[in-house]
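Each remark here refers to the structure printed beneath this line.
The values are calculated or read from the model by the stated rules, or taken from the named source; none is laboratory data. None of these values were measured; they are calculated from a predicted model. We place every Cβ from the backbone using ideal geometry, glycine too, and count neighbours over all the protein chains shown.
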Amino acid sequence: MKIILFVLFTVITAFTYLLRHINLQHLKLNGNKVPEGFEGAIDEEKLRSSSAYTFDTSRLGLWDSLFDNSVLIIFLFGGVITGYDNFITSLSASPIISAILFFLLLTWISTLLGIPFDLYGTFSIEARYGFNTTTPRIWITDFFKSQAIGTILLAFLITVVFGLIAWSPQQWWLWVWGFMAFFSLFMMFISPYLIEPLFNKYEPVTEEGLEDDIRAMMEKAGLKVGKVLQMDASKRSKHSNAYFTGIGKVKRIVLYDTLIKQMSHEEIVAVLAHEIGHWKKGHIWKRLLWAEIMALAGSWISFKLLYWTELPGLLGLPSDISLAAKMVVLGFIASLALFPMGPFSAWRSRCHEREADCFASELTGKPEDLASALVKMSAENLSNLFPHPLYAGFYYSHPPTVERVQSLRKLQYVERG
């Protein structure tokens, strides 16, 4: 079975690399002509930069993936996990403390191994194309902040999960699912107040008249929002974006300061109308509900498989490895089994994005505003305008930008008609 799993992992990995190759070849063949409707925002020089940026980031992603997969193969199929597990369990007789050490040390090692790729991406590729504004000091500060927060949260979660397993050996899957669902919602409430401000500065929108335009649009949509804020994203990058954060009464609209500089008020309002569409169409709660249904099924299946004595043997490992090590084995096998779900999830997300585009067009009455905003964002972010359909089908959570813009302009034509 170990050989079969290795072959399956190799085939899936090779397929993802083939998709990457097909996507880049498609860009080579089609990426030399400015798409119709993009002429005012993108010229041939900008198009060349966009293609080059896509190639460079894709190559970095490929090397990062090759390195990660090599380490994974050595760790799981080379038997390193057994020695690592024995070392961790020798440090403490407590299953909970051993589990905390097991996952924390594994996370730290993974993070450290990924630093060179992160540094190269930030200070070489992003800087080369004029995006990076992060200083070494900011990068180091962000790194230690994120590691401290991640360590605290991960240690807390492991303590609770393994505590529930010890407390209720036969029903822990249900208790763990309930706790994780509650914890996820809790984090959505507190993150805007406790975590996000540790990395960025949030303040009321300073652009004159913009907040009034946004609030007028929100009232038209029948949606209340706590605050409309701008974030100092330009301190780290020139990329632009906007998003909703929080849930319930703590919902916030957050605009990157870079976005405010790049777009007109009408375009910003159109972008936010799209985000409102996700709320009004029920996409948020539908995604949460789907995620929790999958999590519940996953918890029950995990409960069954983790106590299956043959599980470690699937990778040629001894049956007496710790529960933490079995979880790693199960997680690897689950990633292979769930791979076919990826395209379905991406398709579902693209359907939601199309619905949100239509809602924004109806709410503002000006589809062209959103189309114009998407054109500007793709130009400013050097987005790939020519993804291969198969690659986009597997990985794109949003419809390709050219397709979205064309659809919106058709709506604009209908509006005028």
Original post:
Is it the case that region 95-115 has a residue that's crowded, with 16+ Cβ neighbours inside 10 Å, in contact with an Asp or Glu (Cβ under 9 Å, 6 or more places away or on another chain) and within 30 Å of Val11 (Cα to Cα)?
Top reply: yes
Original post:
Do you know which residues across region 312-367 are without any contact (Cβ under 8 Å) to a residue 60 or more places away in the chain, surrounded by 14 or more Cβ atoms within 10 Å (Cβ to Cβ), closer than 30 Å to Tyr84 by Cβ and hydrophobic (A, V, I, L, M, F, W, C)?
Top reply: Met327, Leu330, Ala334
Subject >> Given (1) out of contact with any helix residue (DSSP H, G or I) (no Cβ under 9 Å at 6 or more places or on another chain); (2) modelled with pLDDT of 85 or more, number of the condition Glu211 does not satisfy >> reply: (2)
Original post:
Identify, please: which residue in region 231-246 is at pLDDT 85 or above and in contact with a strand residue (DSSP E or B) (Cβ under 9 Å, 6 or more places away or on another chain) and is, among those, surrounded by the most Cβ atoms within 10 Å (Cβ to Cβ)?
Top reply: Met231
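Yes or no, residue by residue, for (1) under 21 Å from Phe102 (Cα atoms); (2) in a helix (DSSP H, G or I):
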{"position": "Ile138", "(1), (2)": "no, yes"}
{"position": "Gln147", "(1), (2)": "yes, yes"}
{"position": "Leu157", "(1), (2)": "yes, yes"}
{"position": "Val176", "(1), (2)": "yes, yes"}
{"position": "Ser184", "(1), (2)": "no, yes"}
{"position": "Glu203", "(1), (2)": "no, no"}
{"position": "Met217", "(1), (2)": "no, yes"}
{"position": "Val228", "(1), (2)": "no, no"}
Subject >> Scan of region 290-324 for residues that are over 16 Å from Lys2 (Cα atoms) and of a type in the set (Gly, Ala, Ser), ordered by number >> reply: Ala291, Ala295, Ala297, Gly298, Ser299, Ser302, Ser322, Ala324
Original post:
For region 393-408, which residues satisfy the criterion of being more than 17 Å from Ala356 (Cβ to Cβ) and in contact (Cβ under 8 Å) with a residue 60 or more places away in the chain?
Top reply: Phe394, Tyr395, Val402
**OP:** Within region 394-401, identify whether any single residue is surrounded by fewer than 21 Cβ atoms within 10 Å (Cβ to Cβ), under 20 Å from the mean Cα position of the chain (by Cα) and outside any loop (DSSP other than H, G, I, E, B), and answer yes or no.
**Re:** yes
Subject >> Set Ile268, Ile293: member being of a type in the set (Val, Ile, Thr), surrounded by fewer than 15 Cβ atoms within 10 Å (Cβ to Cβ) and out of contact with any Phe, Trp or Tyr (no Cβ under 6 Å at 6 or more places or on another chain) >> reply: Ile293
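Give the residues of region 187-201 that are without any contact (Cβ under 8 Å) to a residue 60 or more places away in the chain, of a type in the set (A, V, I, L, M, F, W, C), part of a helix (DSSP H, G or I) and surrounded by 12 or more Cβ atoms within 10 Å (Cβ to Cβ), sorted by residue number. Step through it out loud before you land on a result.
Initial filter on region 187-201 (without any contact (Cβ under 8 Å) to a residue 60 or more places away in the chain): 187-188, 190-191, 193-201.
Among the residues that remain, those that are also of a type in the set (A, V, I, L, M, F, W, C) are: 187-188, 190, 194-195, 198-199.
Of the ones still in play, those that are also part of a helix (DSSP H, G or I) are 187-188, 190, 194-195, 198.
Residues satisfying the conditions are Met187, Met188, Ile190, Ile195, Leu198.
Quick check, is Ala216 surrounded by fewer than 19 Cβ atoms within 10 Å (Cβ to Cβ), touching a residue at least 40 places away in the same chain (Cβ under 8 Å) and aliphatic (A, V, I, L, M)? Quick ask: steps written out before the conclusion?
Values: surrounded by fewer than 19 Cβ atoms within 10 Å (Cβ to Cβ): yes; touching a residue at least 40 places away in the same chain (Cβ under 8 Å): no; aliphatic (A, V, I, L, M): yes.
When the stated conditions are applied, Ala216 does not pass them.
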Subject >> Count - residues of region 37-93 that are under 30 Å from Leu315 (Cβ atoms), not polar (S, T, N, Q) and not in a helix (DSSP H, G or I) >> reply: 4
Original post:
Name the residues in region 366-388 that are more than 26 Å from Tyr129 (Cβ to Cβ) and either assigned to a helix (DSSP H, G or I) or modelled with pLDDT of 90 or more (or both), would you?
Top reply: Pro367, Glu368, Asp369
Original post:
Hey, among the residues in region 247-265 that are part of a helix (DSSP H, G or I) and either modelled with pLDDT of 90 or more or of a type in the set (Val, Ile, Thr) (or both), which one's farthest from Pro399 (Cα to Cα)?
Top reply: Val250
